[in-house]
Amino acid sequence: MKNKIVFATGNAGKVKEIRMIMADLGVEVLSMKEAGISIDIEEDGSTYEENALIKARAVAACTDAIVMADDSGLEVDALNKEPGVLSARYMGEDTPYSIKNGEIIKRLMGVPDEERSARFVCAIAAVLPDGRELTTRATIEGRIGYEEKGANGFGYDPIFYVPEFGKTTAELTEEEKNKVSHRGKALELMKEELKKYEDFSC
Ligand code: IMP
């Protein structure tokens, strides 16, 4: 079933993004729900790639389609690259991001601009029907701001300032963000990898 990709996520926004990026491959992109797959996956890897592969392998065991998964996080240099792979779980999974973002700003109190460097990292994993595994990784570089700004996006976007735009990623439109984001770039790289391994012309 090489003309189908199942994306191992429950997040409808991610499925929409990958659908837009993969559109020119002529493949159908399905969420786990649309593929009728409902499993709980424990992301206990220590790298983004490991976590993405854990998710992709678990779903690949349930389908003969291509399976893709992602894992991402925020690395703040002045905090020893925290929250990193634990970004979703930082201060507790259910803690509102206004509180998580406030805490990061607080921990950076007195840290000057040039030491507030940070990046979003995204790894994408794909498991092909014949068992081959591929991974790609991309980042977007920025700085942690001094207050939350912007209402778009999610998670740490309101405190992630991108100097080239003069805005946080929460102030970018969805299209602007997808073009430069860690996830958008890692998905583009995966698309190029898939083109090498699969003939999508039929
Ligand atoms: P996951 O890849 O869905 O496990 O998400 C990891 C976590 O990293 C998210 O829950 C957010 O906290 C953070 N994160 C990843 N990408 C972004 C982004 O583009 N904007 C804001 N936060 C992000």
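The values are calculated or read from the model by the stated rules, or taken from the named source; none is laboratory data. Predicted model only: the values in this text are computed from it and were never measured. Every residue, glycine among them, receives a Cβ derived from its backbone with ideal geometry; neighbour counts consider all protein chains shown.
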So, in region 89-111, exactly how many residues are of a type outside the set (A, V, I, L, M), outside any loop (DSSP other than H, G, I, E, B) and more than 10 Å from the ligand (Cβ to nearest atom)? 5
When you check Arg119 against the structure, is it surrounded by 20 or more Cβ atoms within 10 Å (Cβ to Cβ), within 29 Å of Leu53 (Cβ to Cβ), among the charged types (D, E, K, R) and within 12 Å of the ligand (Cβ to nearest atom), yes or no? no
Being assigned to a strand (DSSP E or B), buried (at least 22 other Cβ atoms within 10 Å of the Cβ) and among the β-branched types (Val, Ile, Thr) is the requirement here; does Ile124 meet it? yes
Return only the number of the condition from (1) surrounded by 16 or more Cβ atoms within 10 Å (Cβ to Cβ); (2) away from the ligand (no atom under 14 Å from the Cβ); (3) in a helix (DSSP H, G or I) that Glu114 does not satisfy. (1)
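Do any strands (runs of 3 or more DSSP E) entirely within region 1-83 hold 2 or more residues that are over 14 Å from the mean Cα position of the chain (by Cα) and without any contact (Cβ under 8 Å) to a residue 40 or more places away in the chain, and if so, which? Talk me through it step by step, then tell me what you get.
On the way: elements: 4-7, 28-31, 66-76.
Result: 28-31.
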Exactly one of (1) under 21 Å from the mean Cα position of the chain (by Cα); (2) closer than 18 Å to Thr168 by Cα; (3) more than 10 Å from the ligand (Cβ to nearest atom); (4) of a type outside the set (Gly, Ala, Ser) is unmet by Ile140. Its number? (3)
Can you pull out every residue in region 154-202 that is over 19 Å from Val27 (Cβ atoms), charged (D, E, K, R), in a helix (DSSP H, G or I) and modelled with pLDDT of 90 or more? Asp157, Glu176, Lys177, Lys185
Name the pairs whose Cβ atoms lie under 7 Å apart, with the first residue in region 180-199 and closer than 24 Å to Phe154 by Cα, the second of a type outside the set (Phe, Trp, Tyr) and more than 16 Å from the ligand (Cβ to nearest atom), and 6 or more positions between them or separate chains? Met190/Leu134
How about region 44-90: which of its residues are over 20 Å from Gly131 (Cβ atoms) and surrounded by fewer than 16 Cβ atoms within 10 Å (Cβ to Cβ)? Asp44, Ser46, Thr47, Asp77, Asn80, Lys81, Leu86, Ala88, Arg89
